[in-house]
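To keep things clear, I will list the structure first and then write my remarks on it.
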Amino acid sequence: MQKTLTQYLVEQQRHQQLSPDVRLLLEVVARACKTIGSAVGKGALGGVLGSQGTENVQGETQKKLDVISNDILLKANEWGGQLAAMASEEMDTIYKIPQHYPQGKYLLLFDPLDGSSNIDVNVSIGTIFSILKAPDDVMGREVTEADFMQPGRQQVAAGYALYGPQTLLVLTLGNGVVCFTLDRELGSWILTQENIRIPAETKEFSINMSNMRHWDTPVRQYIEDCLAGETGPRGKNFNMRWVASMVAEVHRILQRGGIFLYPWDKREPNKPGKLRLMYEANPMSMIIEQAGGAAVDTVNRILDIQPSQLHQRVSVVLGSKDEVETFKKYFS
Ligand code: AHM
Ligand code: MG
C-alpha cells in the first residue's frame, strides 16, 4: 500500500513526533510546492519565464518565477492560523500575518525558488523551507525580526521541493529524512524513500571551479589535492559535478554521497559567503545532519551559528561526514 504525505504526517503526530499545527503547516507548504511545480512546468506556455525587472533586498535581479513562487507561499500559508510571520529571500523584511487571520506560534522561512540562474534554461530548481517556533511570549505582542534570530539547531522541521524530471519533497522533522515523489496524475505526494543515509566517504565534489582564483588558500589546497587523483595525497580519483542549484546538489549528495562547497571568496571580501544562512544553509544543514552527514561554515557547525540578520550569508561546506572532516583539517 502506498503511503501519502498526509498519512505519514498523521502517523508522526500519533507517535508524538509532530504537533498538529506543524502537521497542518507542512501540508500547506507541500501543497504550495505543488502549485509552484505546476507553474515551473508550464514554462513559456504559462508566460512565467524571464525577468520581473525588479531587484530583491540583496540586489539580485528577480525572475518572474521568483516572485510568483513567493506569492504562492505567502497566500497559501497566511490564513491557516499556525504562523506568526514568514520570511523569504525575496522580501526585505518579515511578513506578519494580516490581523484578520488568526495568529499562530510558528515562523516559516523560505527561498521560494532556489537556483535562479537555471529557471530559464529548464534545469532543476527548487523551494527550500525552514520552520522555527516563535518565542513563547509572541502571542500577546507584535512579532519582530528578532524573533527569527535562532540558531538552526532549533528548527522544528526543514525541507525542500525539487522541480526536476520528477517533482520531489524531502523532509525532516528531526528524526531522519524522508522523500516523497509527486504522482502527477493523482496530484498526491507518495512516500518513496525512508531513513535516507549519506555514505560517510565519497569521491565526488561539487564547487564552482570558475571561482578558483578567488578562493582562500585552504580551499584551493583541498581541491588541488582532490584533483591530483590516485597518485596525489588523497590517493583516489575524484569526480566533479556542479548543477548551480543547491537543491539538486544536496539531493544528489543524499542519494550517493559527495561534498558541496560554496565558500567565502575574495570577490566580495566583506561578505561571509554567497548562500543565505536562515533559509538556505540552515534547512539544508538540518537535512544533511539528519541523514548522517555534516555541514560546516569551513570550521564551525552551521546549525550552531547564532544569526544576527535575516539575510545573513555564510560559507557552506556540507555532505559526506568523513569528507567534511577531511576538508576541515585544511583549515586547522
Ligand atoms: P539563488 O538563491 O539566487 O538561486 O542563489 C543560490 C544558488 C544555489 O542554488 C547555487 O548553489 C548557487 O547559487 C550557484 O551559484 P553560482 O551561479 O555562483 O555557481
Ligand atoms: Mg537561493
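Just checking, which of 162, 107 is within 16 Å of ligand 1 (Cβ to nearest atom) and in a strand (DSSP E or B)? It would help to see each step written out before you state the result.
Details: 107 fails: within 16 Å of ligand 1 (Cβ to nearest atom).
Answer to the selection: 162.
Can you give me the number of residues within region 209-220 that are in contact (Cβ under 8 Å) with a residue 24 or more places away in the chain and exposed (fewer than 13 other Cβ atoms within 10 Å of the Cβ)?
Residues that pass the stated criteria total 1.
Return yes when residue 252 is touching a Ser or Thr at 6+ places or on another chain (Cβ under 9 Å), buried (at least 16 other Cβ atoms within 10 Å of the Cβ) and part of a loop (DSSP other than H, G, I, E, B) and no when it is not. If you could, list the steps in order and put the result at the bottom.
Details: touching a Ser or Thr at 6+ places or on another chain (Cβ under 9 Å): yes; buried (at least 16 other Cβ atoms within 10 Å of the Cβ): yes; part of a loop (DSSP other than H, G, I, E, B): no.
Criteria not met by residue 252.
Any chance region 159-166 includes a residue that's free of Cβ contacts under 8 Å to residues at least 60 places away in the same chain and outside the structural domain of residue 307 (by the TED database)? Can you show your working first?
Keep residues of region 159-166 that are free of Cβ contacts under 8 Å to residues at least 60 places away in the same chain, which gives 165-166.
With the extra rule that they be outside the structural domain of residue 307 (by the TED database), the set shrinks to 165-166.
Yes - at least one qualifying residue is present in region 159-166.
When the residues of region 262-294 are narrowed to those that are away from ligand 2 (no atom under 16 Å from the Cβ) and in a strand (DSSP E or B), which ends up nearest to residue 193 (Cα to Cα)?
294
Within region 15-35, is even one residue touching an Asp or Glu at 6+ places or on another chain (Cβ under 8 Å) and among the polar types (S, T, N, Q)?
Taking region 15-35 and keeping what is touching an Asp or Glu at 6+ places or on another chain (Cβ under 8 Å), we get none.
Checking region 15-35: not a single residue is touching an Asp or Glu at 6+ places or on another chain (Cβ under 8 Å) and among the polar types (S, T, N, Q).
Quick check on residue 73: is it away from ligand 1 (no atom under 16 Å from the Cβ), buried (at least 20 other Cβ atoms within 10 Å of the Cβ) and either under 22 Å from residue 274 (Cα atoms) or hydrophobic (A, V, I, L, M, F, W, C) (or both)? Working first, answer last.
Numbers: away from ligand 1 (no atom under 16 Å from the Cβ): no; buried (at least 20 other Cβ atoms within 10 Å of the Cβ): yes; either under 22 Å from residue 274 (Cα atoms) or hydrophobic (A, V, I, L, M, F, W, C) (or both): yes.
So residue 73 fails the test.
When only residues in region 114-139 that are near ligand 2 (Cβ under 10 Å from one of its atoms) and at pLDDT 95 or above count, which is surrounded by the fewest Cβ atoms within 10 Å (Cβ to Cβ)?
If we take residues in region 114-139 being near ligand 2 (Cβ under 10 Å from one of its atoms) and at pLDDT 95 or above, then 115 is surrounded by the fewest Cβ atoms within 10 Å (Cβ to Cβ).
Here are some conditions: (1) closer than 15 Å to residue 170 by Cα; (2) under 15 Å from the mean Cα position of the chain (by Cα). Residue 274 meets all but one. Which one does it not meet?
For residue 274, the failing item is (1).
Would you check if there is a residue in region 15-27 being at pLDDT below 90 and in the same structural domain as residue 165 (by the TED database)?
Here is the first cut: in region 15-27, the residues at pLDDT below 90 are 16-17.
Filter once more, so that each one left must be in the same structural domain as residue 165 (by the TED database): 16-17.
Taking every residue of region 15-27 in turn, at least one turns out to be at pLDDT below 90 and in the same structural domain as residue 165 (by the TED database).
List pairs: first in region 7-33 and hydroxyl-bearing (Ser, Thr, Tyr), second buried (at least 16 other Cβ atoms within 10 Å of the Cβ), Cβ under 6 Å, 6+ apart or cross-chain?
8/191
Restricting the first residue to region 243-261 and requiring it to be within 16 Å of ligand 2 (Cβ to nearest atom), which pairs with a second residue that is of a type in the set (Asp, Glu) and assigned to a helix (DSSP H, G or I) meet a Cβ separation below 9 Å and a spacing of at least six or different chains?
The qualifying pairs are 243/249; 246/280; 260/249.
The values are calculated or read from the model by the stated rules, or taken from the named source; none is laboratory data. This is a predicted model, so every value here is computed, not measured. Every residue, glycine among them, receives a Cβ derived from its backbone with ideal geometry; neighbour counts consider all protein chains shown.
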